[in-house]
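Report on the structure given below.
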Amino acid sequence: MEELQSTDMLDREILEDARKKAYRILKSSEEGVKSAAELWKKKTTAAIAENRERYVSRFVTMKDEIVARLLLDKRRIRSEKIESLLKTAMNSYLQSLSRKTLLSLLEKELRLRLTELRETNEFPTTSVTVRINNLSSAESEAILKKYLTPGTWTLETTNIALLVEDKFPRLTLDALSVRINASIDSAGYDLLEDKRAELLAALLGDAALEGGLA
């Protein structure tokens with residue numbers, strides 16, 4: 001009987017010892033899981049914060065880029081509108097000029113081009129073919145004989161339409177090594193550049209000179 005009691009007691013001690021060991025193992029595992037969960041939570045929170053910060057930064061950058069692009073587009077459109085207004089105004093002005101004044105401007109353009117060539121020793125002296133646009137033979141000859149030696153040039157009497165759609169008189173001189181273009185359009189462009197500030201102020205007000213218009 002005593003032996004049985006001793007055996008029972010031993011069994012209980014073994015079971016209690018096993019229970020305690022199992023409890024310690026489970027508790028240790030639970031603490032490990034909890035610790036891992038806390039660590040994962042911290043990493044997740046840090047990752048979320050980092051991603052949020054990165055996306056906020058990216059959003060701010062994209063917003064700044066879009067705003068900058070919109071400002072550039074706005075300025076470009078504004079510039080194009082102003083340039084269109086200036087060209088329209090200049091074209092209207094040139095169309096209002098008399099034929100005599102237009103031919104005088106054309107002659108001035110030709111004289112400037114030929115003067116430049118004389119200064120660089122590129123002035124054509126032989127074999128010059130002259131093409132005209134929106135000019136009569138008499139009008140072109142009256143101008144050319146003032147600056148070119150007779151016999152050094154020939155005039156193509158057909159009024160040839162150039163690649164550009166000219167509304168005004170144009171002279172094109174083709175020599176062996178140089179081409180000279182004299183036109184009312186180029187005279188108008190030069191005048192537009194010289195008088196740009198005055199035209200802007202007249203058309204759009206002084207604010208246009210300061211970039212104050214939208």
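Restricting attention to the range 63-82, the residues being without any contact (Cβ under 8 Å) to a residue 40 or more places away in the chain and over 19 Å from Arg196 (Cα atoms) number 11.
Can you report the number of residues in the range 82-115 which are within 34 Å of the chain's Cα centre (by Cα) and acidic (Asp, Glu)? So the count comes out to 2.
Rundown of residues vs (1) modelled with pLDDT of 85 or more; (2) farther than 30 Å from Ile82 by Cβ, yes/no style:
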site: Asn133; (1), (2): yes, no
site: Tyr147; (1), (2): yes, yes
site: Lys167; (1), (2): no, no
site: Leu171; (1), (2): yes, yes
site: Ile184; (1), (2): yes, no
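The values are calculated or read from the model by the stated rules, or taken from the named source; none is laboratory data. These figures come from a predicted structure and were not determined experimentally. Glycine also receives a Cβ, built like all others from the backbone with ideal geometry; neighbour counts cover every protein chain displayed.
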